[in-house]
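Some notes on the structure that comes next.
The values are calculated or read from the model by the stated rules, or taken from the named source; none is laboratory data. Here the structure is a predicted model, which means the values were calculated and not measured. Positions of Cβ are generated from backbone atoms using ideal geometry, with glycine treated the same way; all protein chains shown enter the neighbour counts.
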Amino acid sequence: TRAAAPGFAPLLLSLLRRVPFPGDARLPDLIREHSSFLAAEEPQLLASAVFAFLRLLARNRLAPFPRSAECSNCEECKSAKNLEECGEKLVSFCVSVLRDHFQVCTLIGRDLVRSLHELVLVPEFQGFWKDLMLARNTDICRVVTPGWCTALSISPEMETQLLFMMSNVKWGGQKRYQLWFARKHLMVPGGEERIPDIVRFICCGYHPTNEVIQSGVIARWAVIGWLLTSCSKGYIVANAKLALFYDWLFFDETKGNVMNIEPAMLLMLNSISQYVDITNVLLEFLFLLIENYEVRRKEAIEQCVRCAFIVLVKKGVLPSLELLTGCEKLSPLLRQKLVAFLSSTTPVAAVEACLKPINEVSKAAELKKRVCSN
């Protein structure tokens, strides 16, 4: 079989990270032809293919190929048109592999659920959701999405440039790099729709060492803040905020990685001084998610979010939640809601430890560290 040939799997993985591209319509057929072999011998590759195509379909559903006369005959537009033409084939491939090799696809983790939520109005995915996902949704959401998976939804060039920014570019010198990145990747047809996937990659796919965090380079939370302010469409902002908070909704101290939830907290915390509206908007969105994301599991989600807050303090991401609950700049209503939320059915000792007052000197010293041990 061709799938057993040396180099076949790395080649497929490389191609998956570059879709859409001219001629990629043959890729789903090639993978489906060898799906049984891949499920047995290269399960991560098969799961990668499903996730890459799901994210591609989700982005294309939100930003269909522009048909205006103003659209130039550039490579991005050619790729978008190519994707539109083979969309049905991608849907068929994803549903087929999900049904035949569902256990392999669970390697994707909770982002499988996030992706299918975005595609649930597509009839084929709607049927699959009712048949299989409703019963298994909860279990899959407990599985943390691995970093290699989130990297599949951005191009290798994006990954290289983002990693360079977050490991080499010092504070104060990031604007020209951000502008260059935006012109290259975001200011193109369908580019803005990539922002939620970029946010997921930053949260789950790149965890800087303490040495990098202390080196004065631009932090992950700052890059995410810039991306959020770069969104011009409301639904993209909402999807990006969901991507930022997604791990909070299912956080388990025994399985979860605090680095996945750290950027959201630091973005809220560091925006208070000059951009308190960002903190208010993010907190409000988090409460909306708790109330509405999955009503049947509301209590479980509440407990996961409380756990996330407590673990962030325990791991030293912030010295105390009093930085939020005691901040007069925040919306009084949100502050009251946060205090009530943290106190509800949470062990008293844990709440008191997280809400303990700290003096201003201690605040400044602790915030400068921003070191997250895991």
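Summary table
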quantity	calculated
Hits in the stretch 26-49 (condition: closer than 17 Å to residue 111 by Cα and either without any contact (Cβ under 8 Å) to a residue 60 or more places away in the chain or in contact with a strand residue (DSSP E or B) (Cβ under 8 Å, 6 or more places away or on another chain) (or both))	45, 46, 49
Single residue of 172, 147 found to be free of Cβ contacts under 8 Å to residues at least 12 places away in the same chain, over 15 Å from residue 56 (Cα atoms) and surrounded by fewer than 18 Cβ atoms within 10 Å (Cβ to Cβ)	172
Filter pass, residue 305 being modelled with pLDDT of 95 or more, β-branched (Val, Ile, Thr), under 30 Å from residue 209 (Cβ atoms) and in contact with a helix residue (DSSP H, G or I) (Cβ under 9 Å, 6 or more places away or on another chain)	yes
Residue list for the stretch 207-244, filter: surrounded by 17 or more Cβ atoms within 10 Å (Cβ to Cβ) and within 16 Å of residue 186 (Cα to Cα)	223, 224, 225, 227, 228, 230, 231, 236, 237, 239, 240
Complete set of residues in the stretch 156-169 that are over 13 Å from residue 215 (Cβ atoms) and loosely packed, with under 15 Cβ neighbours inside 10 Å	156, 157, 160, 164
Count - residues of the stretch 117-143 that are of a type in the set (A, V, I, L, M), in contact with a Phe, Trp or Tyr (Cβ under 8 Å, 6 or more places away or on another chain) and surrounded by 18 or more Cβ atoms within 10 Å (Cβ to Cβ)	1
Residue match in the stretch 321-341 (condition: surrounded by fewer than 17 Cβ atoms within 10 Å (Cβ to Cβ), in the same structural domain as residue 243 (by TED's automatic domain parsing), under 19 Å from residue 254 (Cβ atoms) and among the basic types (Lys, Arg))	no
All positions within the stretch 25-45 that are assigned to a helix (DSSP H, G or I) and in contact with an Asp or Glu (Cβ under 9 Å, 6 or more places away or on another chain)	35, 36, 39
Failed item in (1) at pLDDT 95 or above; (2) in a helix (DSSP H, G or I), with residue 207 passing the rest	(2)
Test: residue in the stretch 267-285 that is crowded, with 20+ Cβ neighbours inside 10 Å and of a type in the set (Asp, Glu)	no
Among residues of the stretch 167-206, those that are out of contact with any Ser or Thr (no Cβ under 9 Å at 6 or more places or on another chain) and among the β-branched types (Val, Ile, Thr), counted	3
For residue 248: the one exception among (1) within 19 Å of residue 143 (Cα to Cα); (2) outside any helix (DSSP H, G or I)	(2)
